[in-house]
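The values are calculated or read from the model by the stated rules, or taken from the named source; none is laboratory data. Keep in mind the model is a prediction, meaning the values are calculated, not measured. With ideal geometry, Cβ positions are generated from the backbone for all residues, glycine too; neighbour counts draw on all protein chains shown.
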Amino acid sequence: MKDKIKKFAVLGHPISHSLSPQIHFLFAKEFSINLEYKKFDIKENNLLERIESLKDEGYFGLNITLPLKYSVFQICDELSERASFCKSVNTITFLKNKIIGDSTDGRGLISDLKNKNVLIKGISILLIGAGGAANGGIYDLIQSRPEKIYIINRTYTKAIEMKKYWELFAKKNQVSLEVIDLNFLFSKNLSSQYNFDLIINATSSSLTSQDSPIPENTFNFLNKNGNCYDMMYGSETPFMRDAYKKTDLVYDGIGMLIEQAATSFNIWHQLQPSTKNIEVALKDL
């Protein structure tokens, strides 16, 4: 008798570009799981209604992408500690008529960095952005015990707010947080003051601008053998373009997407899929 189909979906706006269905189908194939995975373009004004509808239709779980992660965080019945801290949900499980929320983005980021031999413990990180993506990743960055995380954001006050929010958690993990004024970078030569082992772009600026979210001279503060990572994927971003002028150790976020999906898959199926050849397989689809 054929196994009952397990139903999943990803929600976002826009959603046509999402690779989540292909990734989860590849994971399911490894374990011969009979799986259905759809994508739905959903706006915030009817979010709860649509999620409740999908729950009633027998969906087992949902992935959530931009711009809905904070809105979903607000409507979950239960949250993981990570999702509660990050105020972001990208993975829903329907269990006993409840909406259970978790966030796998940070774990996806750390796993992908490890795959690229970028180890976080004891290093100095520049984190660009103070929005949802930055807050979704910083929990796991802090838990990985870098020496220091510098936060920089177009709106300086938002970076200050982010530092204040995460300061106690960082202190418990013996991580130092500091905010850099973006305007200060434009006007001063700070090469002696700052040295970064890893620069992470957690902004979506490439969707609306042809300019990098940081001035080009920022990459002068990158240490020898330092790495640059953009959470966006699909094409070379302005951030990556400028980073390549300084180093070849530049990566986009496709690996993070795959690894966070693997964590979601594990939450739903209690199975750990291999991610080794997924990026190549996606290109062949």
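Only a single item in (1) surrounded by fewer than 21 Cβ atoms within 10 Å (Cβ to Cβ); (2) within 30 Å of Phe31 (Cα to Cα); (3) in contact with a strand residue (DSSP E or B) (Cβ under 9 Å, 6 or more places away or on another chain) is not met by Met231, and it is number (1).
I'd like the residue in region 42-76 that is out of contact with any Gly (no Cβ under 9 Å at 6 or more places or on another chain) and aromatic (Phe, Trp, Tyr) and, out of all such residues, is farthest from Gly137 (Cα to Cα).
That would be Tyr59.
May I ask you to list the residues in region 194-208 that are modelled with pLDDT under 75 and either surrounded by fewer than 18 Cβ atoms within 10 Å (Cβ to Cβ) or not assigned by TED's automatic domain parsing to the domain that holds Ile128 (or both)? Listed by number, the residues that qualify are Leu207, Thr208. Would you call Ala83 in a helix (DSSP H, G or I), among the hydrophobic types (A, V, I, L, M, F, W, C), touching a Cys at 6+ places or on another chain (Cβ under 9 Å) and surrounded by 15 or more Cβ atoms within 10 Å (Cβ to Cβ)? Against the criterion (in a helix (DSSP H, G or I), among the hydrophobic types (A, V, I, L, M, F, W, C), touching a Cys at 6+ places or on another chain (Cβ under 9 Å) and surrounded by 15 or more Cβ atoms within 10 Å (Cβ to Cβ)), Ala83 qualifies. Confirm whether Ser88 is at pLDDT 95 or above, closer than 20 Å to Ala262 by Cα and not β-branched (Val, Ile, Thr). Answer is yes for this residue. Filtering Val89, Val72 for residues that are buried (at least 19 other Cβ atoms within 10 Å of the Cβ), in contact with a Phe, Trp or Tyr (Cβ under 6 Å, 6 or more places away or on another chain) and within 30 Å of Ser144 (Cα to Cα) leaves a single hit, Val89.
Only one of Leu26, Leu11, Leu35, Leu47 is under 19 Å from Val280 (Cα atoms), surrounded by 15 or more Cβ atoms within 10 Å (Cβ to Cβ) and of a type outside the set (Val, Ile, Thr). Can you tell me which?
Sole residue among the options that is under 19 Å from Val280 (Cα atoms), surrounded by 15 or more Cβ atoms within 10 Å (Cβ to Cβ) and of a type outside the set (Val, Ile, Thr): Leu26.
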